[in-house]
Amino acid sequence: MKTRFTTVDIRAVIAEVNANYIGMRVYNVYDIDNKTYLIRLQKPDSKAVLLVESGTRIHSTDFEWPKNMMPSGFAMKCRKHLKSRRLTQVKQLGIDRVIDIQFGSDEAAYHLIIELYDRGNIILADYEYTILNLLRFRTAEAEDVKIAVRERYPVESARPPEPLISLERLTEILGGAQNGDQVKRVLNPHLPYGATLIEHSLIEVGLSGSVKVDIAPKILEALQIAETYMEKTENFSGKGYIIQKSEKKPSLTPGKPSEELLTYDEFHPFLFAQHAKNPYLEFDSFDKAVDEFFSKMESQKIDMKALHQEKQAMKKLENVKRDHGQRLEALHQAQEVDRIKGELVEINLPVVERALQVVRSALANQVDWTEIGIIVKEAQAAGDPVACAIKDLKLQTNHITMLLKNPYISEEDQEEEEKKDVVEEKGKKNKNKDKGQNKKLQRNKPMLVDVDLGLSAYANAKKYYDFKRSAEKKEQKTIEAADKAMKSAEKKTHKTLKEVQTVTTIQKARKVYWFEKFLWFISSENYLVIAGRDQQQNEMIVKRYLRAAPSNSVTPSCVPLLCDPIPPRTLTEAGTMAVCYSAAWDAKIITSAWWVHHHQVSKTAPTGEYLTTGSFMVRGKKNFLPPSYLIMGFGFLFKVDEQSVFRHRGERKVKTVEEDMEEVASKTAELLEEGEELIGSDDSGNEDQGEGGDGETEKKIKKEVRSANRELDAVPEEDNMEAEEEEEEEEEEGKEEDDREEEEVKDEESEEFSFPDTTISLPHLQQTLSLHIGDELRFMKLSPLISRSAQNPGFKKEVTTQEAENLLTSLTGQPHAEDVLLFAVPVCAPYTSLTNYKHKVKLTPGSQKKGKAARTAVLSFMKAKESSTREKDLFRSVKDADLSRNMPGKVKVSAPNLLAAKKK
């Protein structure tokens, strides 16, 4: 598969970018990963996104690419210097695979240099090509040039364009090639055209791409054609082509033609001669062809992986069939050999009987075994026919080996048969040819036969016939058993193929929600609780989300809320999450979390002190939650289709005091008395402890609880783009709100908070708060779930509470038999929030690694009687890395009947 740009590709894409995007201004720069960046361009009447990948490609894109939550240092530097500047020029440096993109003009110009060779590089330079920042520091030893910040980029050292190669130089290059080398491989290092264009040009002049290197004039003619193609790319405005590769998909149904799987193999600005007979796709421009090629690469990898698994399954079936055939063949061959040996003993009865008598007589006279061997050799030298038939004495096992032949076959017939046998062996092409025919020929040849001294000649013949009958019965039983084995193998293979196809379909349909990047769960009252994974995300939480929601504006990251209090149960579950993701888990210490309002958290340090990234000051009253048990759970949420959502409305809701107290009483007893079985040899000594109170919890208001633990931080997949644009306005609004709330806080601090007493009134509790444990800060935001816009970056879409509610409702832990399940999402959460989940296990601090614990839990779900076929398919489709990603650390897994399920 082609994965890099050639010189022809670079010239074509530069021509298209210059034709379509010159004059547009840079709106923003984003990074997809450490090598791939998006440059968003716009002008009053149009927008575009330019994708640049170090060492690989550059093209515009119409697809939505996932962006990093935090922009990298290089992206921030590019934003600083390139934002709002006009794209003025895109050019290639010489004929090297290096592209120079210029933003601005004269002394205000900046250059983004993309190297598309070797390991690649992206370099930001000023108008004098002084390097401001770059992805990869390196030193070009051959050129004695250092590529580093504050050094000048050597644009003048680029390889200049060269005229068409001369015949003398071409002859010299071809003369230095080794015998048998292909022309395109020999010429490629010396010419800028690329192997594909060289091969096309050779075909155009009637030569093969693998032609021997000895006709320089004809090859020079081909290179002239290649030069014309290079000239065409100077102002390229043609079409783009994706060359496809056809793979045969295995089929179990006999007579049914195999399906074809077409995958993308190469992309080119021209339809070259060597690809004319291959399947291909045509696009309006080369730029669009490249965008389509790389955007579908991941899904194509999934298809190829599935195809490989299908071929492996079919290969196993073929191995079973071949093994069965070989076993039957071996039994048939054994029958033939035993039958021939029995016949030879019968035909040579007098000789065999006489040999038995001679050897028995010697043994009866107590002659030494060595002496017997000497006597036999002397008799053979004397020409005794009986002695000549004896080839070996196996007196240790009471046997002698005799060379017996059919006395009724003349020597001439035997020689003819030997000649036929030799001819057959020479012309034999199939290794698995019928061996029975060979044995028919061998029956007329002399054969070594072991004769038992304890039996007569007739008895020895009968013994071989008995062996033959025994092998025949065994063959019949093998055939009967093989039919069942083959049907079982075919059924298993068919099942494997179906599973592979199902898993592949699920993986393609799987939607990764923005909150899955974080530590998250849905509380028993339908609040979404999310937590970040590092200090940078903590910083983002405070900067963007730790504030009251505006009362009269809507942004992609914030939805106006009524000032409803957050239910105590959700606070308790969020506190349990914060405790379990803290150092308390490894230390096995039960402790309490506490929360504060958003306005009590500040980045302002006391005079003379400095707060590092992820550190904040908390001022004012701390509201402590009850001590939290170290009990987490692992289970699965299922995404249901729109027609099935109505069955799950109200599964998670806020309950009344009476309902809540009844639930607490029943569920606490059930949790503490629940029979649990330990997995493996985990002797951590931790006893499972019950968490009082939760159970069926349902909720209509969809809210997001952002909690962070030692390094909890939550930033939705919302791009840095929109939030940054509104930062300044929201900060000013936040200051005004803070001033208005100061008086409320004074009154509020005088109130007493006693949890988990649900009868307490919390009229002033804001939607954004901070959750703490010990001296560690956990940040949490309670607000409705935000739905990501699938539009272009910067597109703002109002998200209604109803849309947010539907999204959370469509994720259920209690799938109905009539539901259409789309995919499964693994979730790790406080055990009380998973009480009503169909598939769940309990996690407590232990010694088992996360990966093994997750696999064991999934195995128990697969073995459960209540698991449907669709649910099992969805379990298989989840990647191992996703299963254990959110587990707090080393764990002990326990659940009812878990050990029994493991033994099945």
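The values are calculated or read from the model by the stated rules, or taken from the named source; none is laboratory data. Only a predicted model underlies this, so the values are computations on that prediction, with no experimental measurement involved. Surface accessibility is based on the protein's heavy atoms, side chains included, excluding ligands, DNA and RNA. Shrake-Rupley method; radii C 1.70, N 1.55, O 1.52, S 1.80 Å.
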* What full-extension length gain, to one decimal in nm, is calculated for GLU162 and GLN396 as 0.36 nm per residue of separation minus the Cα-Cα distance? -> 75.6 nm
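Checking the table LYS301/LYS852; LYS639/LYS890; LYS487/LYS865; LYS248/LYS305 against a 22 Å threshold on Cα-Cα, which pairs fail?
Details: LYS301/LYS852 27 Å; LYS639/LYS890 29 Å; LYS487/LYS865 26 Å; LYS248/LYS305 14 Å.
Beyond 22 Å: LYS301/LYS852; LYS639/LYS890; LYS487/LYS865.
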* Asked: Can you pull the percent of Cα pairs in the stretch 53-131 with separation above 14 Å?
  -> 67
* Residue-wise HN-Hα coupling along the stretch 354-369, computed from phi with Karplus coefficients 6.51, -1.76, 1.60 (Hz; x: Gly, Pro) -> 5, 5, 5, 5, 5, 5, 4, 4, 5, 5, 5, 7, 6, 6, 4, 4
* the stretch 827-876 - Rg (one decimal) and Dmax (whole number), Cα, Å -> 11.6, 33
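Taking 20 Å as the cut-off for C-alpha to C-alpha distance, list the pairs among LYS245/LYS316; LYS47/LYS83; LYS67/LYS296; LYS321/LYS474 that go past it. Write down the numbers at each step before the final one.
On the way: LYS245/LYS316 25 Å; LYS47/LYS83 15 Å; LYS67/LYS296 17 Å; LYS321/LYS474 18 Å.
Check vs 20 Å cut-off fails for LYS245/LYS316.
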* To do: Would you mind checking which residues have amide H under 5 Å from ARG138's amide H? H placed 1.01 Å from N; only 5 or more apart, or other chain.
  => ILE147
* Structure fact -> Under the Karplus relation with 6.51, -1.76 and 1.60 and θ = phi - 60°, whole-Hz ³J(HN,Hα) for the stretch 881-887, x at Gly and Pro, equal 5, 6, 5, 9, 4, 9, 6
* Structure fact -> Expressed in angstrom and rounded, the centroid-to-centroid distance over alpha carbons for the stretch 593-661 and the stretch 160-239 is 67
* Structure fact -> Reported to the nearest 10 Å², TYR110 has, with a 1.4 Å probe, an accessible area equal to 40
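Taking a temperature of 4 °C and a viscosity of 1.567 mPa s, what whole-number D in µm²/s does Stokes-Einstein yield for the stretch 7-157 with Rh from Kirkwood over alpha carbon pairs? Could you put the intermediate results ahead of the total?
Numbers: Rh = 15.5 Å.
My calculation gives 84 µm²/s for D.
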* **Cα shape, the stretch 328-382, gyration tensor, a/c 1.5 rule** => prolate
* Asked: Tell me, what does the Kirkwood hydrodynamic radius of the stretch 78-214 come to in angstroms if you use every pair of distinct C-alpha atoms?
  -> 17.6
* Which far-off residues, 5 or more places away or on another chain, put their amide H under 5 Å from the one on LYS653, with H placed in the peptide plane? -> THR697, GLU698, LYS699
* **Residue-by-residue Karplus 3J(HN,Hα) for the stretch 73-86, coefficients 6.51, -1.76, 1.60, Hz, glycine and proline x** => x, 5, 5, 5, 5, 5, 4, 4, 9, 9, 4, 6, 8, 8
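Take the solvent-accessible surface of the protein heavy atoms, probe 1.4 Å, and return the percent of it on the stretch 7-157 that carbon and sulfur atoms account for.
Values: 2960 of 6480 Å².
Using a 1.4 Å probe with all protein chains present, the stretch 7-157 comes out at 46 percent carbon and sulfur.
Largest first, how would MET1, MET297 line up by accessible area (1.4 Å probe)? Let's see the in-between values first.
On the way: MET1 115, MET297 30 Å².
Result, largest first: MET1, MET297.
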* In this model, which of LYS405/LYS463; LYS543/LYS622; LYS146/LYS288 are farther than 26 Å apart at the alpha-carbon? -> LYS146/LYS288
* Structure fact -> If amide H atoms are modeled at 1.01 Å from N in the peptide plane, then the residues at a separation of 5 or more from TYR127, or on another chain, having amide H under 5 Å from its own are ALA109
